[in-house]
1. Quick one: which strands (runs of 3 or more DSSP E) sit completely within segment B:123-197 and have at least 3 residues that are within 27 Å of B:Val245 (Cβ to Cβ)?
2. So, in segment A:257-273, of the ones that are surrounded by 19 or more Cβ atoms within 10 Å (Cβ to Cβ) and at pLDDT 90 or above, which residue ends up nearest to the other protein chains (Cβ to nearest Cβ)?
3. For B:Thr154, which of the numbered conditions (1) modelled with pLDDT of 95 or more; (2) surrounded by 24 or more Cβ atoms within 10 Å (Cβ to Cβ); (3) in contact with a helix residue (DSSP H, G or I) (Cβ under 6 Å, 6 or more places away or on another chain) fails to hold?
4. Being touching a residue at least 60 places away in the same chain (Cβ under 8 Å) and within 14 Å of chain B (Cβ to nearest Cβ) narrows it down to one of A:Phe222, A:Phe229, so name that one.
5. Specify which of the listed residues (B:Ala304, B:Ala274, B:Ala278) is away from chain A (no Cβ under 14 Å) and aliphatic (A, V, I, L, M).
6. Of the residues in segment B:295-311, how many are charged (D, E, K, R) and surrounded by fewer than 14 Cβ atoms within 10 Å (Cβ to Cβ)?
7. Consider B:Ser262 against the criteria (1) more than 28 Å from B:Arg176 (Cα to Cα); (2) modelled with pLDDT of 90 or more; (3) away from every other protein chain (no Cβ under 14 Å); (4) crowded, with 20+ Cβ neighbours inside 10 Å: it satisfies all of them except one. Which criterion is unmet?
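The values are calculated or read from the model by the stated rules, or taken from the named source; none is laboratory data. Not measured: the values here are computed from a predicted model. Heads up, the Cβs are rebuilt from the backbone with ideal geometry, glycines too, and the neighbour counts pull from every protein chain shown.
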Amino acid sequence: MEDFLTLLLAGVSVGAVYGLIAIGLNLTFWTTRTMNFGQGSVMMLCAMLTANLIARGWMQGLAILAALAVIVVLMVFTEMYTVRPALKIEGSMGWAVSTLGVGIILQGCAALWFGSQAVAFPDVIFSAVDNVVIFGVHVSLQYIAVVVLALALVVVFELLVRGTVWGRAMRAVAMDQDFAAVIGIPVRAIVLGSYIASGLLAGISGILVAQIGGTVDPAFGFELVIFGFVAAVLGGMGSTPGALAGGIVAGVLQQMVGGYISSAAQHGMAFALLILILVVRPQGLFGQREINKV
Amino acid sequence: MTLKRRELLSFTGAAAAGGTLGFARRARAADPIKVGFTTALTGPFNEFGEGYKRGIEIAIEKINKAGGVLGRPIEIGVMLDDQLIPDRSVQNMRRILDDKSIVGLFCPSGSGPTLAVIDMIAADGRPTMNPQAQTPTVIYPNGPGGKPRPNVYTFSIQNDIEANFMATLLAKKFTRIGLLNESTGYGKTGSELIKAGIAAANKDAVVTNESYNQKDQDMTAQLVRVQRARSEALMVVGLGADMAVIRKNMTRMNMTIPFFTSAGGLSPPYVEGAGDLAAGTKGSQFKKISTVPPAPETKEFLDAYKAKYGADRLWGTDPEVPTPSMGGTVATGYDGMLVMADAIRRAGTTEAAAVIKAMDATKGFLGCNCAYEFTPEKHHAIEIGDLTTYEFVKKDGRMTLVPTAI
C-alpha cells in the first residue's frame, strides 16, 4: 500500500506537469491548428533563466517573473516571425519545422550563455526534505505543490476561457477564424495571445519540473514535450480537462509500470498508450469525434 | 681516371638526391610530433573532454619545455568535438585517421563513443591512449583476462576493477543491495560486473538491479522497487547530474539507506545538484591524486594545473587538495600523454609498431594516478590498490570528499 501511494503521488505530480504542457500545446492548436514544437526549449530557457538570476542574487519571485517576461517576448517573436509566415501558405506544415528550428536555436543560445553543463536549480517552494506523513507514507510537499499549482492553473484557465470576453473570443477563433474576423474579433491578437499563454504554461512547467530534478541543462524539456503531446492526444486534442486527465493517466501509468512491472518499460509506456488511444479512440478520452459534412 | 658522361650524370643526380634527402630529413627532424583526438569539448558532459584536453596540454607544455621528444616538439594536430555523441565520434575519428601525420591518438570520453570508434582505431594500428572510457571491452574485446587490442592502452579505472573493489566492500557489509545503473554501456557493464562481484563475495547476497535513462527527472519507480526488496544499501553506476536527481528522490521518499556511487558519480555536478544532501554519499575514486602530501610527480602536475586554471570547478571545492575525480577528468589525459611520449623516446622513432613495442615495455612510469606498467598481455594500469573510498562531508561550509571506510 505504501509503495502504491508513493507511486501514485509521484505519477499524479509528474502527470500534472505533462497536463500543463499539453494545455499549452492545445492552446495554439485551437487558434491556428499549429503546435509549438520548440515548447521544450521554452521550458528549458525559463528554468535556466530563473536558476541563473537566482544565482546572481535576485529574489526568487522576481527572477521567475523576469524569466516569464522573456518568454512572453520570445513567444511574440515565434508567432510573428516563424508561425504566421508559414500559415500564409495553405496546407503548409512549415510551422512545424520553423518552431522546431527556434527550439534548436534556443538550445544553442542557452549553451552559449549559460554553458552546456547542468546547472543546479534551487528549491522554489519547498525543498526535497519537506514532507508530511499521510497514512504512514512520507509525502513530499514538492509533489503536492506541483499538483496543487497545476490544478489551480487549469481552473483559472478554464474560468478565463469560459467566463471572459477574451475567452469567448478565443473559442470563436477556434471555431472559425474567418467568421470571427468578420464579426470584429481581433483574430491576430487572439492568436498571439494563445502563443503567449502557451509559452507561459511551458515556462511554469519548466520551473516546476526543474525544482523536482534539481538541475537543468540546455537539452532539458525535449522529452517532457513528447509526454505532453501524448497527454494532449490521450485527453483529446483541444480539451483542457482532457489534457490534465491525459497527463495524469500517462504519469501514473508510467510510475505503476515502472514500480510493479519493469523500470525499463517505464518510458515506452507513454508511447504504447499513444498508439492504443489512436487505434481505439482517436478523438481521445474527452475529445469529440469530428464530423465533416460534404 | 676519367668519368664517362652517363656516370657523371648519375653521380651528380645521386649527390643532388642525397642532399635533398638530407635536407628533408633535417626538416622532418624539426617537424612536430602530432597527436589527435575527438572528445566532449562542449555539451552536458564536457567536464570530461575539456578535462582530458587540459591534461594533454599541460603534459605537452612540460615535454616541450624539456626539449620535446627525439628533438621534436609535440603538438595537438587535430582536436574535434563530439559532445559524447557516438555518431559524431565516428565521423570525427574517421577524419583524424585520414590524417597520416598524426602519430598518436586518444579515445573519446565515455564508453559509448569509444566503443563506436575502437574497431576503426584497432584496424588503423596507431598507438592509442584511452583516458576515460571504463568498459573493459574497449581494451579487451573478449572481456577482462582476454587478449588486449594491440595498439590501445587504458589510463581510466576499468569497470571490472572498480566493480570488484565496490562489490567486495558492499558484500562484506550488506546482504540485500539495491543496484541502479544508467542505461549506457558504462552503466550496464558496471552493474553486471558489480552483481557478479557481489555474488562471488557473498553467495547469500540479494541484489535488486534497476536501470534509468540519463537525464530522467524522476526515479521514484526504480527506488520503490529497491525499497520493496528491503535493500540495506543503494549503489548507483552513473554520472553526477543523475546522481543528484536520485539523491533528491530518495530524500523525498524518506529513504535513508546508505548511498554509494561509482567513480562517475563522485563529481562536481553531483554536489552542485544535490547540495547538502550529498553529505554521507560514499564511492570509489583515484587514491594518489588526492593524497596529502602529494607525490612529487603529482605535485608537479597539480602546480601546473593550478597555475594555469586555478582551483576551478574541475579542481573541486578545497583550494588546497584537488577532488579525486580530477584523477579521471584531467590527470588521465596528462598521464596518457607523458607515457606515450616516453614510449616514443624509448622507441627512437614515431613508427607505430616500434612505439607499441615500447609501450608494451613500459614499467614503473610514475604518473599522477599510479605507476604505469604495460605488457603485451596487459594494457590497463589502474588496479584495486590505486583506488580508495571517499565520503562527502560538509567542512567549513563546503562539501568535500574525504577518505573513509565503508
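1. Answer list for segment B:123-197: B:176-182.
2. Per the criteria, the residue is A:Gly258.
3. Evaluating B:Thr154 over (1) modelled with pLDDT of 95 or more; (2) surrounded by 24 or more Cβ atoms within 10 Å (Cβ to Cβ); (3) in contact with a helix residue (DSSP H, G or I) (Cβ under 6 Å, 6 or more places away or on another chain) leaves (3) as the failure.
4. Sole residue among the options that is touching a residue at least 60 places away in the same chain (Cβ under 8 Å) and within 14 Å of chain B (Cβ to nearest Cβ): A:Phe222.
5. Unique residue meeting the criteria: B:Ala304.
6. Going through segment B:295-311 one residue at a time, the tally reaches 3.
7. Going through the list (1) more than 28 Å from B:Arg176 (Cα to Cα); (2) modelled with pLDDT of 90 or more; (3) away from every other protein chain (no Cβ under 14 Å); (4) crowded, with 20+ Cβ neighbours inside 10 Å, B:Ser262 breaks only (1).
Every residue, every condition in (1) within 24 Å of B:Leu277 (Cβ to Cβ); (2) assigned by TED's automatic domain parsing to the domain that holds B:Tyr334; (3) touching a strand residue (DSSP E or B) at 6+ places or on another chain (Cβ under 9 Å); (4) among the hydrophobic types (A, V, I, L, M, F, W, C), yes or no:
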position	(1), (2), (3), (4)
B:Arg149	no, yes, yes, no
B:Lys203	no, no, no, no
B:Tyr212	yes, no, yes, no
B:Val226	yes, no, yes, yes
B:Glu232	yes, no, yes, no
B:Met255	yes, no, yes, yes
B:Thr261	yes, no, yes, no
